[in-house]
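Heads up, the thing below is written out as structure tokens.
The values are calculated or read from the model by the stated rules, or taken from the named source; none is laboratory data. Quantities reported herein were computed from a predicted structural model and do not represent experimental measurements. Neighbour counts run over all protein chains shown; Cβ positions are idealised from the backbone, glycine included.
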Amino acid sequence: MSDQMHASLQENLITIVAFDEANGRVVANIIDPNLMEGDYRLIAERCIDYWRQYKLPPGEHLGDLFSDIIEDKHNRRAKSVQRIMTQMVQLREGLNTEFVLTQLRTFQRMQRIKGAIITSADKINANQQLAIAEVEDIWHGILKTQEMDFEPGLKLSEYARVVDRLEKLQSEFSMGIKILDDRNIRPIRGSLMILLGAAGRGKTWGLVHVGAEALAMRHRVVHVTLEMDEEFIAQRYYQTMFGVTKREKDVEITTMSIDMGKLEGLERAVIKPNFKWENSALLRDELWSHMNHMGLKRFDNLIIKRFKPNSLTPAGLRAYLDTLETVEGFVPDMIIVDYLGIMKIDLKNVRGSMGQNAIELRAIGIERNAAMITGHQASKAGEMATMIDATHMSEDWSVVGTADFVLTYSCTKLEFRYGLARLFVAKARGESDRFAVLITQAYKMGAFCIESHYLDPSYFDYLKEFEESPEEYDSPDDE
């Protein structure tokens, strides 16, 4: 690795120094601008000088620090500095600060170790055994520095830190399902959430739904698919975000009649989608129009990557994320893996290796300070069950113990026909669980959840009032 930091780390660090009052002081005090390259070094130097003078980040005054360059039409650095500053402003809202600080510490330790190796080798080559004491002093200094970097953990007296953390967790991500969000059943950085369901019943739509919610909140998302082409997953995101159908002009949906917080019945309605997935020329215009309205740059915050089934290992995922960060400067806030059951496993130890993959996925979420979401297939017993539970986890039961959240998805043929499904919160670490939620859906236009309500025993009576259609059941994954 070169002595300079790669571009994404440089950009992340100067963004913290420029805008983050809580962490900018720490970075300003320990960062060495000389390790940076080109205009990153210039921006770091001026932002750090601002901190030393005013004890605050430049923030809204960032442009004033570089007005002499930006306003000079003959300055060759003007365009580059303006571009970096624009990227910093866009980056500040969703920056994964905790992960960036971890990277900085790792980089510093590596630079110190590299320097110690080179210096030690030079001294030994020059003085042989006479250099032993000097070399020992060098490495003693390295170890002492590591001890100074030691973090003791959380003291119980640090109540403000605890409250700040919990407040952030309750607002940072959303499931886009009101009942679950209200009870804090939502993605959390450093946690593993599993959506458990029968084969071909909508797990992928559920994962896309969660990813789209994160993207709408300006988070960076990596969606790893082991089943479908990248373009097909992208199509589902477009459908989910813009209400697009493939062919239908009208879509029938089921709505809930709620009175005084109680389910009073189910009704049918017809809605018109925004546009259809047909004429390619018109489709391009429609997609561009909708994306431009939301801001085209926002859609760069979601990257879809396909791996072959039974090929992706946790090590392979780590390598991909490292390369993505180095080459694209992309550090995700959420990582979606579709899905756990078809990652690479040891055929001689299917259960053990699947359980280990779940442990590693959770570890990656912790390492990268990202929310980890995956799907998993229910067992044969779960395929036949009216309500899927955590006990229907296929293969290794330890997966349930590893996960922080386990949501099960149940949908009979009759329910699918009328756009209805049930979610069961089988496990929620730190929150109340073991409750069920009724949701209405419209896969034809990419809607995993339109409405939600606590599952009422009367629901099954209302469901019987619908006449079962003779049409064949189609998997939502084929819609």
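Could you tell me whether the stretch 355-362 includes any residue that is free of Cβ contacts under 8 Å to residues at least 60 places away in the same chain and farther than 20 Å from residue 398 by Cβ?
Residues of the stretch 355-362 that are free of Cβ contacts under 8 Å to residues at least 60 places away in the same chain, as a first pass: 355-357, 359-360.
Right, trim to farther than 20 Å from residue 398 by Cβ and you get none.
For the stretch 355-362, residues free of Cβ contacts under 8 Å to residues at least 60 places away in the same chain and farther than 20 Å from residue 398 by Cβ: absent.
Looking at (1) at pLDDT 95 or above; (2) farther than 30 Å from residue 324 by Cβ, can you tell me which one residue 257 breaks?
Unmet condition: (1).
Going residue by residue through the stretch 186-203, is there one that turns out to be part of a helix (DSSP H, G or I) and of a type outside the set (Ser, Thr, Tyr)? Can you show your working first?
Narrowing the stretch 186-203 to residues part of a helix (DSSP H, G or I): 203.
The next check asks that each one be of a type outside the set (Ser, Thr, Tyr); those that pass are 203.
Yes: the stretch 186-203 contains one or more residues that are part of a helix (DSSP H, G or I) and of a type outside the set (Ser, Thr, Tyr).
Does the stretch 211-268 hold any residues that are part of a strand (DSSP E or B) and out of contact with any strand residue (DSSP E or B) (no Cβ under 8 Å at 6 or more places or on another chain), and which are they? Walk me through it before giving the result.
Initial filter on the stretch 211-268 (part of a strand (DSSP E or B)): 221-225, 244-245, 251-259, 262-268.
Matches in the stretch 211-268: 259, 262.
Looking only at residues that are modelled with pLDDT under 85 and loosely packed, with under 10 Cβ neighbours inside 10 Å in the stretch 150-170, which one is nearest to residue 191 (Cα to Cα)?
Looking at the filtered set, the residue picked out is 153.
I'm trying to understand the selection: among the residues of the stretch 72-88, which are out of contact with any Leu (no Cβ under 8 Å at 6 or more places or on another chain) and under 30 Å from residue 294 (Cα atoms)? Full working, then the answer.
Step one: list which residues in the stretch 72-88 are out of contact with any Leu (no Cβ under 8 Å at 6 or more places or on another chain), which gives 72-76, 78-80, 82-84, 86-87.
78, 79, 80, 82, 83, 84, 86, 87, listed by residue number.
In this structure, is residue 303 closer than 28 Å to residue 202 by Cβ, at pLDDT 90 or above, part of a helix (DSSP H, G or I) and not polar (S, T, N, Q)? Steps first, please.
Values: closer than 28 Å to residue 202 by Cβ: yes; at pLDDT 90 or above: yes; part of a helix (DSSP H, G or I): no; not polar (S, T, N, Q): yes.
The answer is no for residue 303.
Got a sec? Which helices (runs of 4 or more DSSP H) wholly within the stretch 1-69 have at least 2 residues that are at pLDDT 85 or above and either among the basic types (Lys, Arg) or in contact with a strand residue (DSSP E or B) (Cβ under 7 Å, 6 or more places away or on another chain) (or both)?
Details: elements: 7-19, 24-30, 38-54, 62-65.
The qualifying helices (runs of 4 or more DSSP H) are 38-54.
List every residue pair whose Cβ atoms lie under 8 Å apart, where the two residues are 6 or more positions apart in sequence or sit on different chains, the first residue falls within the stretch 141-164 and is assigned to a helix (DSSP H, G or I), and the second residue, located anywhere, is modelled with pLDDT of 85 or more.
Qualifying pairs under 8 Å: 161/154; 162/154.
When residues of the stretch 396-419 are filtered for being part of a strand (DSSP E or B) and either at pLDDT 95 or above or under 23 Å from the mean Cα position of the chain (by Cα) (or both), how many remain?
So the first thing to find is which residues in the stretch 396-419 are part of a strand (DSSP E or B), and the list is 405-410.
Now restrict to residues that are either at pLDDT 95 or above or under 23 Å from the mean Cα position of the chain (by Cα) (or both): 405-409.
Matching residues across the stretch 396-419 total 5.
Out of everything in the stretch 321-359 that is among the β-branched types (Val, Ile, Thr) and within 20 Å of residue 308 (Cβ to Cβ), what residue ends up being surrounded by the fewest Cβ atoms within 10 Å (Cβ to Cβ)? Talk me through it step by step, then tell me what you get.
Applying the first criterion (among the β-branched types (Val, Ile, Thr)) to the stretch 321-359 yields 323, 326-327, 331, 335-337, 342, 345, 350, 359.
Next, only the ones that are within 20 Å of residue 308 (Cβ to Cβ) stay: 323, 335-337, 342, 345, 350.
Values: 323: 11, 335: 23, 336: 27, 337: 25, 342: 19, 345: 21, 350: 13.
Across the stretch 321-359, the extreme among qualifying residues is 323.
Kindly check whether there is at least one residue in the stretch 210-221 that is farther than 30 Å from residue 390 by Cα, of a type in the set (Val, Ile, Thr) and either surrounded by 23 or more Cβ atoms within 10 Å (Cβ to Cβ) or modelled with pLDDT under 85 (or both).
no
Got a sec? Which of 89, 81, 135 is at pLDDT 80 or above, of a type in the set (A, V, I, L, M) and under 26 Å from the mean Cα position of the chain (by Cα)?
Working: 81 fails: under 26 Å from the mean Cα position of the chain (by Cα); 135 fails: under 26 Å from the mean Cα position of the chain (by Cα).
Checking each option against the conditions leaves just 89.
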